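Please read the structure below before turning to the comments.
The values are calculated or read from the model by the stated rules, or taken from the named source; none is laboratory data. Bear in mind the structure is a predicted one, so any value in this text is a computation, not a measurement. With ideal geometry, Cβ positions are generated from the backbone for all residues, glycine too; neighbour counts draw on all protein chains shown.
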Amino acid sequence: MLSSQIKQIIALSAFLLVGYVAFTPGGSVLGVISWLVAPVTTLFLIDDWLAIRRRRVDRFSPFRWKGVDICFLALFGWEIISPLFAPDWLGVQRNTNDILAIVILYFFGRLYLRRKGIRWLICGITVFGAIVGVFILISSVMFFDQLSAYGFESRDIVPIRYLFSPGGMMINDWSGILIAFMPFAVLTFSLSTGWRKYLWALPPLIVSGAIVCTLSRGAYGALFLFIGAVVGGFVVWRLMQVSRLLIVIGVYFIFLASISIPFRSTIRSMVVLREASSQRESIAGRFARWDNCLSLFKEHPVMGIGNGRYALESMIITNRDGSVYTRRFNNLGIQLLTEKGVFGTLIYLVCLFFVYRAANRHLKIRPKISSDELFCPVIFLSGLAAVLFREMTFTTLLEQPACLYLVMSAMLSIIISFDHAKRETVAQ
């Protein structure tokens with residue numbers, strides 16, 4: 001018989017290993033689900049069945065179905081069925097596999113991760129986020145040094161920023177992933193005490209510095225939105241003394257200003273939307289993509305064109321009318337409507353609504369729980385808002401399994417933390 005602590009360790013290890021594979025170029029998340037998570041789940045179910053036979057427990061798991069779980073189940077079914085209605089169902093398979101794998105992992109976490117396991121998961125993701133941040137910082141220094149060696153000045157970097165692809169991934173994708181890391185890093189720092197707080201202050205600073213190095217307007221806006229939402233939540237719910245909060249924010253912005261000094265001219269030319277020809281071309285390209293997506297949506301309004309088929313379908317439109325061709329979306333809402341249609345988009349929106357509802361209900365039971373318990377819904381809701389803001393400028397969420405993994409982990413943390421708070425309230 002496996003103790004609950006052993007199950008937590010095994011489940012947490014499997015969850016983190018899937019996250020590592022999600023960050024591996026070309027790694028198959030569904031593959032690791034099949035050879036790791038499925039056997040672990042089978043082992044746990046057999047162990048639970050034996051415990052029931054020996055009358056040590058009366059049911060398999062404390063898992064109770066919620067609205068968000070039903071939505072994720074509907075999403076799973078939709079992602080299986082929708083490729084059958086796509087113009088070419090084989091072409092949507094890879095993107096669909098990643099989404100299916102993440103949904104399976106969500107239910108695995110709902111079944112076998114508890115509050116303590118979630119805390120360790122958040123710490124593990126924070127450490128990995130700091131490692132990724134260091135990688136981006138080092139890659140940025142090397143990239144900018146190479147440009148300087150070839151005679152490029154800082155103001156010349158923006159038009160050729162697309163050449164910067166650390167680890168073979170576009171820097172725009174990295175900026176979206178780094179934004180998704182921020183709530184984990186900030187939550188770990190907020191929950192730490194004593195001398196550990198100084199240690200856990202490093203990951204948020206490292207990730208923020210890496211975001212600055214991405215030179216992405218959308219990422220900058222998302223970062224400031226996240227910080228503003230967290231500060232507002234802390235003030236409204238009185239999670240930290242105002243004087244202490246002002247000191248933390250002051251130190252943070254001094255750090256951001258210091259690390260931005262080497263890029264000041266680059267950032268200035270990037271923030272001014274129409275100053276450079278590259279910016280004007282970028283804006284023109286966005287309008288061209290919106291026109292392409294509108295044409296595709298009109299052809300398949302209900303079921304969409306299928307996951308990942310925008311590249312091929314947009315190429316077909318380009319051959320037809322000579323418009324600008326680009327492979328990626330620059331707006332998550334447009335991507336959902338184009339690839340998943342109205343029906344699929346509604347499922348995603350309802351999932352997001354139930355996550356928000358769980359966080360809101362968590363905040364409403366504050367008088368009966370510790371204030372520390374409110375850090376999770378406030379910070380993760382702020383993080384999800386920042387990710388969605390970033391996705392309105394360039395889509396990474398449904399393109400990179402790493403970003404999908406982080407967002408799902410944030411949602412899972414909100415749901416499990418709310419369950420724990422609710423059980424504590426009932427016990428009292």
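Hey, does segment 103-110 have a residue that's part of a helix (DSSP H, G or I), within 19 Å of the chain's Cα centre (by Cα), more than 21 Å from residue 350 (Cβ to Cβ) and modelled with pLDDT of 85 or more? Break it down stepwise before answering.
Initial filter on segment 103-110 (part of a helix (DSSP H, G or I)): 103-110.
Pick out the ones that are also within 19 Å of the chain's Cα centre (by Cα) and you get 103-110.
Going one step further and asking which of them are more than 21 Å from residue 350 (Cβ to Cβ), we end up with 108.
Next, from what is left, pick out any that are modelled with pLDDT of 85 or more: 108.
Checking segment 103-110: at least one residue is part of a helix (DSSP H, G or I), within 19 Å of the chain's Cα centre (by Cα), more than 21 Å from residue 350 (Cβ to Cβ) and modelled with pLDDT of 85 or more.
Are there any pairs with C-beta distances below 6 angstrom linking a residue in segment 227-253 that is small (Gly, Ala, Ser) to a residue that is part of a helix (DSSP H, G or I), with the two at least 6 apart or on different chains, and if so which?
Matching pairs, first to second residue: 229/382; 229/385; 233/378.
Answer yes or no: is there a residue in segment 205-227 that is out of contact with any strand residue (DSSP E or B) (no Cβ under 9 Å at 6 or more places or on another chain) and within 27 Å of residue 14 (Cβ to Cβ).
Step one: of segment 205-227, the residues out of contact with any strand residue (DSSP E or B) (no Cβ under 9 Å at 6 or more places or on another chain) are 205-227.
Still in the list and also within 27 Å of residue 14 (Cβ to Cβ): 206-207.
Checking segment 205-227: at least one residue is out of contact with any strand residue (DSSP E or B) (no Cβ under 9 Å at 6 or more places or on another chain) and within 27 Å of residue 14 (Cβ to Cβ).
From 285, 228, 306, 233, grab the single residue that is at pLDDT below 90 and either surrounded by fewer than 17 Cβ atoms within 10 Å (Cβ to Cβ) or under 30 Å from residue 373 (Cα atoms) (or both). Spell out the reasoning first.
On the way: 228 fails: at pLDDT below 90; 306 fails: either surrounded by fewer than 17 Cβ atoms within 10 Å (Cβ to Cβ) or under 30 Å from residue 373 (Cα atoms) (or both); 233 fails: at pLDDT below 90.
Selected residue: 285, the only one of 285, 228, 306, 233 that is at pLDDT below 90 and either surrounded by fewer than 17 Cβ atoms within 10 Å (Cβ to Cβ) or under 30 Å from residue 373 (Cα atoms) (or both).
When both residues are 6+ apart or on different chains and their Cβ atoms are under 7 Å apart, which pairs have a first residue that lies in segment 330-346 and is part of a helix (DSSP H, G or I), and a second that is aromatic (Phe, Trp, Tyr) and surrounded by 23 or more Cβ atoms within 10 Å (Cβ to Cβ)?
Going by the 7 Å Cβ cut-off, the qualifying pairs are 335/329; 338/310; 339/310.
Is it fair to say residue 179 is under 24 Å from the mean Cα position of the chain (by Cα), part of a helix (DSSP H, G or I) and in contact (Cβ under 8 Å) with a residue 60 or more places away in the chain?
Values: under 24 Å from the mean Cα position of the chain (by Cα): yes; part of a helix (DSSP H, G or I): yes; in contact (Cβ under 8 Å) with a residue 60 or more places away in the chain: yes.
In short, yes.
Tell me, which residue of segment 157-196 that is farther than 24 Å from residue 380 by Cα and of a type in the set (Gly, Ala, Ser) is surrounded by the fewest Cβ atoms within 10 Å (Cβ to Cβ)?
168
Among residues belonging to segment 210-226 that are free of Cβ contacts under 8 Å to residues at least 60 places away in the same chain and of a type outside the set (A, V, I, L, M), point out the one that is farthest from residue 144 (Cα to Cα). It would help to see each step written out before you state the result.
So in segment 210-226, the residues free of Cβ contacts under 8 Å to residues at least 60 places away in the same chain come out as 211-212, 215, 220, 224.
Add one more test, that the residue is of a type outside the set (A, V, I, L, M), and what stays is 220, 224.
Values: 220: 19, 224: 25 Å.
Checking each candidate, the answer is 224.
Could you please find all residues in segment 377-428 being of a type in the set (Asp, Glu) and either outside any helix (DSSP H, G or I) or buried (at least 24 other Cβ atoms within 10 Å of the Cβ) (or both)? So that I can check it myself, show each step before the final result.
Taking segment 377-428 first, the residues of a type in the set (Asp, Glu) are 391, 399, 419, 424.
Result: 391, 399.
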